[in-house]
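Okay, structure first, notes after.
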Amino acid sequence: MPATTASPSQRLLGLLRLMRPRQWIKNGFVLAPLVFTGSFTNPHAVGQALLAMLLFCVASSATYIVNDLRDIEQDRKHPRKSLSRPLAAGLVSVRQALLLLVVLYALLLAAWPFAPQVLQVIAAYLALNLAYSYYLKHQPVLDIFTIAIGFVLRVWGGAQALQVPISAWMFVTTLCLALYLAALKRRQELLHTGTEARAVLQKYSVSLVERYAEIAATGALVFYSMFVMSVRPQLVVSIPLVLFGLFRYWYVVEKLDGGESPTDALLSDLPLLLTVLAWVLVCLWALAGLKG
């Protein structure tokens with residue numbers, strides 16, 4: 001359907017879908033420093049962290065628009081993306097997408113006086129994703145690491161919002177967890193659409209990305225456990241939940257055919273969602289009396 005023939009309500013829905021609000025759940029990583037420093041009992045810290053998360057939601061939506069503009073022709077040939085991506089489906093015109101992109105960038109600029117340190121991290125995040133959209137997504141291994149570094153920048157942004165140093169343990173655990181998710185995402189893309197969905201998939205194999213995922217999952221569990229036992233022993237009861245979550249996610253990927261979108265996998269599998277919620281509640285309960 002050409003964008004010119006779409007109704008106003010269809011265009012509005014298309015613009016909303018273009019921003020991919022379902023993916024904003026990934027920006028929950030911004031709140032990690034708030035939790036692990038015990039600052040969640042401080043209303044001012046909570047407000048600063050939520051502002052940082054909101055700004056990352058705006059920034060991530062901007063990167064999705066840039067990526068969709070870059071891949072519009074390729075998405076039109078994709079069996080699923082040709083229907084789910086508003087630009088490829090014709091619900092939104094290129095001009096409308098560009099106008100929305102300008103508005104999102106303007107919102108980030110307007111927020112500079114309120115969170116300059118967070119916006120510096122977001123500037124790095126935007127630059128990284130611009131490089132990803134136009135070059136890095138075509139480079140094997142680099143593409144997976146670029147996705148993972150985006151999650152690390154979210155955590156760094158959360159630390160900047162609270163003006164606390166980012167923990168080395170948090171850095172490496174986040175990196176490993178994100179590599180695990182990214183590797184399994186590539187696995188599912190290979191199985192669902194073959195090497196035609198992304199040019200870089202021609203340089204991967206299912207067995208290779210599965211080994212990447214195994215290494216990353218092991219690293220995430222080991223580094224998280226070392227962090228807990230050496231820095232936050234209050235969280236030792238959370239380790240089984242992390243282990244179960246890693247196992248359950250791979251089950252969702254292997255047996256339930258999820259994982260191409262980590263967000264959809266989380267929201268569609270009740271045991272996995274409950275595990276994440278239980279982990280969050282355990283962390284809040286265990287660290288409630290901690291002074292950040």
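Laboratory data are not the source of any read-out in this text; all were calculated from the coordinates shown. Note that the structure is a prediction, hence the values are computed from the model and not measured. Positions of Cβ are backbone-derived with ideal geometry, glycine not excepted, and every protein chain shown enters the neighbour counts.
Relative to the longest principal axis of the C-alpha atoms of the chain, give the angle of the C-alpha long axis of helix 43-70, reported between 0 and 90° and rounded to the nearest 10°. That works out to roughly 30 degrees.
Size descriptors for the range 167-292 (Cα atoms only): Rg and Dmax, in that order, 15.9, 52 Å. Across the chain, the mean sequence separation of Cα contacts (distance under 8 Å, 6 or more residues apart), normalised by length, yields a relative contact order of 21 percent. Within the chain, which is the longest segment containing none of the chymotrypsin sites (Phe, Trp or Tyr not before Pro) that sit in a DSSP loop and have at most 16 other Cβ atoms within 10 Å? Result, exposed sites excluded: 136-292. Over the range 137-258, Cα pairs under 8 Å with separation of 6+ residues give a relative contact order of 27 percent.
Which of Ala89, Ala59, Ala216 moves the most in a Gaussian network model of the chain with Cα springs under 10 Å? Fluctuation is largest for Ala89.
Helix-only arithmetic for the chain: the sum of -39500 (n - 2.57) across DSSP H runs with n ≥ 4, divided by the residue total, places the mean residue ellipticity at 222 nm at -23000 deg cm²/dmol.
For the range 3-101, applying the loop criterion from DSSP together with a ceiling of 16 other beta carbons within 10 Å to the trypsin sites (Lys or Arg not before Pro) yields Lys77, Arg80. Equivalent-ellipsoid semi-axes for the range 1-163 (Cα gyration tensor, √(5λ), whole Å, largest first): 30, 18, 13.
Remark: the chain projects, on average over all directions, an area of 14.9 nm² (convex hull of Cα atoms). Compactness of the range 62-131 is given as radius of gyration and Dmax, 14.2, 44 Å, from Cα positions. Hydrodynamic estimate: the Kirkwood radius of the range 169-230 over Cα pairs, inserted into Stokes-Einstein at 4 °C and 1.567 mPa s, corresponds to D of 106 µm²/s.
Computed from Cα positions, the angle between helix 94-110 and the longest principal axis of the chain comes to roughly 30 degrees.
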